Each structure stands twice: as structure tokens, then as C-alpha cells.
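The values are calculated or read from the model by the stated rules, or taken from the named source; none is laboratory data. Only a predicted model underlies this, so the values are computations on that prediction, with no experimental measurement involved. Glycine gets a Cβ as well: all are built from the backbone with ideal geometry, and neighbour counts include every protein chain shown. Surface accessibility is based on the protein's heavy atoms, side chains included, excluding ligands, DNA and RNA. Shrake-Rupley method; radii C 1.70, N 1.55, O 1.52, S 1.80 Å.
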Amino acid sequence: MDTSSKENIQLFCKSSVQPVGRPSFKTEYSSSKEKQECCGKLKVFLGALSFVYFAKALAEGYLKSTITQIERRFDIPSSLVGVIDGSFEIGNLLVITFVSYFGAKLHRPKIIGTGCLIMGVGTLLIALPQFFMQQYRYEKYSPFSNSTLSLSPCLLESDSQLPLSVIEKPQSKRNDECEMDASSSMWVYVFLGNLLRGIGETPIQPLGIAYLDDFASEDNSAFYIDFLPSLKNLFGNPLYLLYLCASTVQFNSLFGMVTYKPKYIEQQYGQSSSKANFVIGLINIPAVALGIFSGGIVMKKFRISVYGAAKLYLGSSVLGYLLFLSLFALGCENSDVAGITVSYQGTKPVSYHERALFSDCNSRCKCSETKWEPMCGENGITYASACLAGCQTSTRSGKTLIFYNCTCVGIAASKSGNSSGMVGRCQKDNGCPKMFLYFLVISVITSYTLSLGGIPGYILLLRCIKPQLKSFALGIYTLAVRVLAGIPAPVYFGILIDTSCLKWGFKRCGSRGSCRLYDSNAFRHIYLGLTVMLGTVSIFLSIAVLFTLKKNCVSKHRSFRTKTEGTMVSTRIRKENCTTSDHLLQPSCWPGKETQL
């Protein structure tokens with residue numbers, strides 16, 4: 001039995017005491033049986049770890065896809081949503097150093113199993129607000145569903161029949177609502193649940209990968225006593241340090257892009273939240289999985305070296321971000337919203353100010369400028385509410401709500417009579433669906449191309465350090481990515497995206513809520529510009545990684561070549577000296593020379 005087999009058996013099975021002497025048939029049989037059981041346990045561990053990765057990715061992908069729903073459900077800005085999204089990385093940060101430092105000394109499968117249980121508890125905590133909060137009523141005009149009821153959104157000051165969505169409520173009732181609004185900060189449960197998910201996920205990546213790749217024996221446990229000298233060893237490795245910087249910057253780009261991709265699709269192309277999440281789950285996620293799998297196949301089939309892995313990692317990044325640049329040309333113009341992007345007469349542009357939502361056509365109506373209950377007029381212009389559109393009557397039939405005699409719609413349509421409208425936003429121009437299709441195609445190709453360098457990058461990370469430092473190096477790598485990319489990227493992406501907001505929503509107490517409408521052009525340039533800028537920086541750092549690796553390879557080759565040539569020269573000198581001495585000591589004619597050894 002070779003050494004590696006003995007180490008594997010020692011790792012996965014309890015060592016049995018064997019008598020000293022010649023091994024018997026029974027001993028060999030039990031060793032063979034023990035080895036088969038160990039291999040079976042390894043396969044079970046690999047299958048369980050694969051399932052954990054699948055469940056982790058599924059939960060994380062689902063939470064990413066509900067970013068806009070969380071923003072609307074709790075009526076919070078994008079910057080706070082970024083903090084909630086970054087709580088996963090905060091949880092990682094709290095325990096990653098402890099796990100990566102002491103993980104190799106403890107029972108790693110048990111630690112991973114405990115982490116999975118914590119992740120499950122965190123996921124249940126995230127779902128808890130759904131069972132305690134009231135029914136979701138975002139962008140809904142009124143709670144009435146009687147088909148025979150006729151309401152008047154635009155009512156005069158002296159009108160006695162005022163709906164609840166228009167009149168000013170009594171001060172006592174507003175105070176009660178404010179107290180209820182302040183006490184219902186249920187987004188904290190989502191924050192804490194995501195924090196627990198981050199804590200539970202911590203041991204899966206560094207311990208799981210190192211466990212399969214390293215199979216560290218018990219002799220390595222003394223190495224981890226593995227901390228300040230080991231840390232100095234890692235950061236003294238220029239290749240590891242450059243790759244760490246390149247990955248951190250690239251993950252800043254990827255985390256920000258993935259977090260706000262559903263919001264970008266909704267705001268840029270006028271798609272619904274359900275459709276945005278559906279296309280991401282149906283197209284983008286399989287493309288990423290296929291790219292990672294293809295990268296592993298290429299590495300195995302062509303037996304690519306570490307230097308080749310670095311080139312493949314760099315090439316996928318360059319090609320992916322070049323494709324991403326083309327998305328700047330695939331944008332849609334702003335929706336026509338009266339008083340925000342166009343005037344009430346339908347002309348462009350319009351300068352937004354505090355009273356821009358009010359005009360002569362709705363001056364007789366008692367409207368609230370903070371309400372966002374969009375209505376689409378038959379002229380193709382969206383109005384912030386039916387009241388601001390000057391609509392006099394409305395009828396509901398099932399889920400369809402139609403407004404009639406809308407004075408502002410009639411003015412913009414240049415008609416002498418009044419016009420109608422329906423609840424909801426108007427669709428964007430006819431060219432936007434085609435742009436959305438092009439966006440999906442390029443997005444899929446970009447996702448596949450960028451993920452193609454995932455496995456080569458990991459191979460580069462594992463091969464540029466000492467074998468006994470793998471677990472610790474992966475832990476430091478994960479820590480750096482979480483702290484410097486996972487936590488800040490969603491926050492500063494959200495803050496900058498909020499600067500492109502045109503219409504803010506307001507809570508019951510009057511405080512600012514979530515953004516209802518964004519400037520499409522500003523949103524596109526901020527979202528894509530940040531992603532490409534960070535990607536470009538990571539490309540330059542990856543080039544530095546490639547040159548450093550090449551320099552190390554050349555220096556090692558030269559050192560090996562110098563040693564080889566020195567050995568050959570010394571051998572030749574010794575041979576010549578030996579030949580010269582033989583020539584001096586022996587006669588020129590040596591009978592039987594050809595047959596002598």
C-alpha cells in the first residue's frame with residue numbers, strides 16, 4: 001500500500017493496531033475492506049457537499065432576485081437594501097478567521113454540518129416577516145372591489161364624498177399610523193436572517209474545498225499553531241497578493257452587478273419584477289453554471305499548467321468586460337411621466353421641482369404629491385396618480401380599474417373632450433422590447449465568458465502557495481472578498497443608483513421611502529459604468545499576476561538550467577581529467593580495448 005493510500009485511510013477511518021511482523025492474509029483483507037469503506041465515506045461527503053452548494057446557491061440567488069421586492073415591501077431606499085444584502089458577508093466576517101484558523105484541527109465535516117443548520121435557521125428568520133406583516137398594497141389605488149362602485153379620484157375641497165386615498169386623515173389617526181409604521185421595521189428580521197446565513201456558510205468553502213483537495217494528515221495539525229508566521233508567508237507571496245487584489249476588485253464589480261440586475265431590467269426596459277427574475281433564473285444562472293463546468297473540463301482535457309490557467313483567467317475577464325461595454329448602447333429612454341420627465345402638455349424636457357406635479361388641469365383637485373399610484377392615459381403618458389391626471393370618475397370590474405373624464409389626459413392628447421386611462425404604468429416605446437432581447441443575449445454570453453475563468457482562478461490560487469497553507473489561504477481569500485467586496489459593493493452601488501431617482505415614495509409619517517421612478521440614462525451609466533470600471537482595474541491586476549508568474553517560471557527555469565549545465569560541465573571535466581590520466585598512464589596501443597568494459 002502506497003503512502004497516499006495510508007494517509008487517506010488514516011484521515012477517514014480509525015487506525016487499527018496491527019501486530020509487528022509479517023502481515024497475514026486477514027490483515028491485508030481487513031485493510032482492503034477498510035480502504036473501500038473510506039472511499040465510500042469520501043463519496044458520501046462529496047455528494048453532501050455538492051447538495052449544500054446547490055442549496056446555498058439556490059437560497060442566495062433567490063434572495064438576490066427579491067431585492068426590489070424587499071425595497072418595496074419595507075419601503076426602504078436602495079442603500080439600505082445594499083446593507084441588508086451585505087449582511088451575509090458581515091456574518092462571514094464575524095467567524096471566517098476563527099473557522100479558517102482552527103478548522104483544520106477540528107472535525108471539518110461536523111463543522112460544515114453545523115453551519116448548514118445555522119443557514120437553515122437564518123433562512124426561516126428571513127421568511128418570518130411575511131407571516132406578521134399586513135397585506136402588500138404597493139401601487140394599488142384603492143381597496144374597493146365592488147364592480148358597481150363609481151369613485152371620483154379628483155374631488156373639490158367642498159366635496160363630502162372623499163376617498164381615503166385623497167383626503168387628509170385626522171391627526172390622531174395619522175399619529176397611530178406613524179407609531180405602527182415606526183414599530184414595523186420588519187426588515188431587521190431579513191437583516192438578521194441573512195447574517196445567520198453568512199455565519200453558517202462560512203466553513204463550507206474554505207474547509208470543504210481544502211478537505212477534498214488537501215487531505216491533510218494529522219502531522220499538519222502542529223503547523224496551525226498556522227498564525228503570524230503563516231500570515232506573513234502568505235502576504236509575502238507576491239503572486240498570492242496580486243491575485244487576491246484582482247479577485248477582490250472583480251468581485252466588487254460582480255456583486256454590484258448581480259445585486260441590482262433585476263432592478264436594472266425593471267427600470268431600464270420596463271419589465272415586471274416577476275419577468276426580470278424569471279429570465280435571470282432561466283438564462284443567466286445556467287450560463288454561469290455551464291461556464292464554471294466548461295472551465296473545469298478545459299483544464300482537465302488539455303492539462304493546462306498554472307501559467308495557462310492564469311492566461312485563461314485573464315482572457316475570460318478581458319472578453320467578458322469587452323462584451324459588457326456593448327450594453328451601453330442597449331438602453332431605453334425615460335418613460336413619459338407627466339410633471340417628471342415630460343410636461344402635462346406632453347413636451348420634453350421638463351425641469352423637476354417640488355410643485356412640478358401640479359398643473360392648471362388638476363388645480364381644482366385635492367391631490368397628494370407624495371402618492372405614487374400610477375395611471376396610464378390613453379395618450380401614452382403616465383401620471384403619478386389618477387387624481388393628478390384630473391380624472392373625474394372611475395369604475396372597477398374585477399381587477400380592471402378604468403378612469404374617465406381625465407382633463408390632463410385630454411390636454412396632452414390635444415383633444416377637445418376629456419380622455420380616459422387605466423391603472424398602472426404605460427409601456428415604454430416600441431423599440432425597447434427589441435433592446436431587451438439584445439440585452440439578454442449579450443448578458444448570457446458575458447455571464448458564460450466571465451464564469452469560464454472561475455476554475456482556472458481557483459487552480460491558480462491553490463497552486464501558488466504551499467500545500468500546508470491551502471486551508472488558511474482560502475480562509476484569508478474568502479475573508480478579503482467578503483469584507484472588501486461583498487459588504488461595501490451593494491451599499492455604494494445602491495447609494496449611487498439612488499442619485500438617479502426622479503420620484504421618491506413616502507411613508508405614512510411623511511419620511512422618505514423607496515424610489516418609484518429612476519432616470520433611465522443616469523441609471524444605465526452608473527450601473528454599467530461602475531461595473532466596467534472595476535472590471536478594468538481587475539484586468540490590469542490580472543496582467544500583473546501573469547507577468548509575475550511568468551517571471552517566477554523563467555527564473556526557476558534559469559536556475560534549473562544553470563544547475564544542469566554546471567553538473568554537465570563538472571562531469572565533462574572529470575571525464576576529461578580521467579581520460580587524460582588514462583592516456584598518460586597507459587600505452588596508446590591497448591590490445592583487447594574494444595572488448596573491455
Check: Hey, rough spin-label estimate for Leu94 and Phe132, points 7 angstrom out along Cα→Cβ, what's it come to in nanometres?
Finding: 1.8 nm
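Mind checking the full-extension length gain between Phe358 and Tyr307? Use 0.36 nm per residue of separation minus the Cα-Cα distance, one decimal, nm.
Numbers: separation 51, 0.36 × 51 = 18.36 nm, distance 6.47 nm.
Fully extending the segment from Phe358 to Tyr307 adds 11.9 nm.
Among the listed pairs Lys110/Lys311; Lys466/Lys551; Lys275/Lys503; Lys301/Lys550; Lys371/Lys428; Lys399/Lys428, give every one whose C-alpha distance is greater than 30 Å. Don't skip to the answer; put the middle values down first.
Values: Lys110/Lys311 37 Å; Lys466/Lys551 18 Å; Lys275/Lys503 23 Å; Lys301/Lys550 23 Å; Lys371/Lys428 22 Å; Lys399/Lys428 22 Å.
Checking Cα-Cα distances, Lys110/Lys311 exceed 30 Å.
From the protein chains alone at 1.4 Å, what is the descending order of accessible area for Leu325, Leu128, largest first? Could the numbers behind the result be given before it?
On the way: Leu325 80, Leu128 55 Å².
My answer, sorted largest first, is Leu325, Leu128.
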Note to self: Once R0 is set to 22 Å, what does the formula 1/(1 + (r/R0)^6) return for the Cβ-Cβ distance between Leu290 and Gln69, expressed as a FRET efficiency to the nearest 0.05?
What the structure shows: 0.20
Checklist line | Loop-located chymotrypsin sites (Phe, Trp or Tyr not before Pro) in segment 270-305, at most 16 other Cβ atoms within 10 Å (DSSP) | finding: Phe302
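Could you give the length gained on full extension between Lys550 and Ser397, defined as 0.36 nm per residue of separation minus the Cα-Cα distance, in nm?
On the way: separation 153, 0.36 × 153 = 55.08 nm, distance 7.16 nm.
Working it through step by step, the gained length comes to 47.9 nm.
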